[in-house]
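A.B. asks: The structure that follows is given in the form of structure tokens.
Every read-out reported here was derived from the displayed coordinates using simple, explicitly stated rules and does not represent laboratory data. What you see is a predicted model, and the numbers here were worked out from it, not measured in a lab. Heads up, the Cβs are rebuilt from the backbone with ideal geometry, glycines too, and the neighbour counts pull from every protein chain shown.
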Amino acid sequence: MKKYSATVFGATGLVGKQLVEQLAENDAYDKVLVANRREIDYENDKITSMVIDFNRLEDYSSLFEVNHLFICLGTTIKKAGSKENFKKVDLELPKRIAKLSAKHHVDKVLMISSVGANAKSSNFYTKTKGEAEEVLKEVLGDKAFIVRPSMLLGDRKEFRFGEEVGKVIVKALSFLIPKKYKGIYDYEVARAMIKIAQSQTNQQVFESDELKKIIK
């Protein structure tokens, strides 16, 4: 069986943590690199945690010498402090990662976006996500793959009041919500991303309900 190598950006996030765990347990992968701002001990010989300066990504070529690269970056305007800082994380950083991935000929780059992402949207959040998608496809062509999960279900470290209320509503009114917008668990998104990475699909954008179908 062919062995793959992978890099994960955003490994401390909801889906990123699940992704690292699943890659480590997946026999198809023999090397998993994780880019972090601080040291994290994963206690797994397959995983290499790299503390990096995100302003100097070009200094870490080994992160881009892999088969599959996963971008699980994301923040909130509240946490970022401003729209400008939000765009640095959700648009500019993925753009830089995409360019370096293209330079080093990464086989596939998979990025978490959001349901409703649209570069022409009047909503700042979905517009920024849509712009990031367009950049990824422009830089990487058919090597770019995008997943658009709806409301993410799972245990976050930080408490987000609005999001928690949303989860309650989503679960209570699940029978009324179109499949595309129903909540999806972090581990489901991670599992689907790994399956997409290993597949031969020509589809580049996957909505939330399609992610659920992939892992059935």
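A.B. asks: What's the FRET efficiency of TYR181 with ASN26 using the Cβ-Cβ distance as r and R₀ = 45 Å, to the nearest 0.05?
C.D. replies: Working from the Cβ atoms, E equals 0.95.
A.B. asks: Cβ under 9 Å from LEU91's Cβ, LEU91 left aside: what net charge do those residues give with Lys, Arg +1 and Asp, Glu -1?
C.D. replies: Details: positive: LYS87, LYS88, LYS95, LYS129; negative: ASP90, GLU92, GLU131.
Its environment carries a net charge of +1.
A.B. asks: In debye, nearest 20, what is the charge dipole magnitude of the chain about its Cα centre with +1 on Lys and Arg Cβ and -1 on Asp and Glu Cβ, if you could check?
C.D. replies: About 720 debye.
A.B. asks: Based on the Cβ-Cβ distance of ILE40 and ILE215, what FRET efficiency does E = 1/(1 + (r/R0)^6) give at R0 = 22 Å, to the nearest 0.05?
C.D. replies: After rounding to 0.05, the efficiency reads 0.25.
A.B. asks: Let me ask you something else. Collect residues whose amide H, placed 1.01 Å from N in the peptide plane, falls under 5 Å from the amide H of PHE206; neighbours closer than 5 in sequence don't count.
C.D. replies: ILE146, VAL147, ARG148
A.B. asks: What value, in deg cm²/dmol to 500, does the helix sum -39500 (n - 2.57) over DSSP H runs of n ≥ 4 give at 222 nm once divided by the residues of the chain?
C.D. replies: On the way: 8 runs with 81 residues, N = 216.
That calculation yields -11000 deg cm²/dmol at 222 nm.
A.B. asks: How charged is the neighbourhood of ALA11? Take every other residue with its Cβ under 12 Å from the Cβ of ALA11, and add Lys/Arg as +1 and Asp/Glu as -1.
C.D. replies: +2
A.B. asks: Same structure again: Farthest toward the dipole's positive end in the stretch 4-214, which of VAL115, VAL205, TYR185, given Cβ charges of +1 (Lys, Arg) and -1 (Asp, Glu) about the Cα centre?
C.D. replies: About the Cα centre, the residue reaching furthest to the positive side is VAL115.
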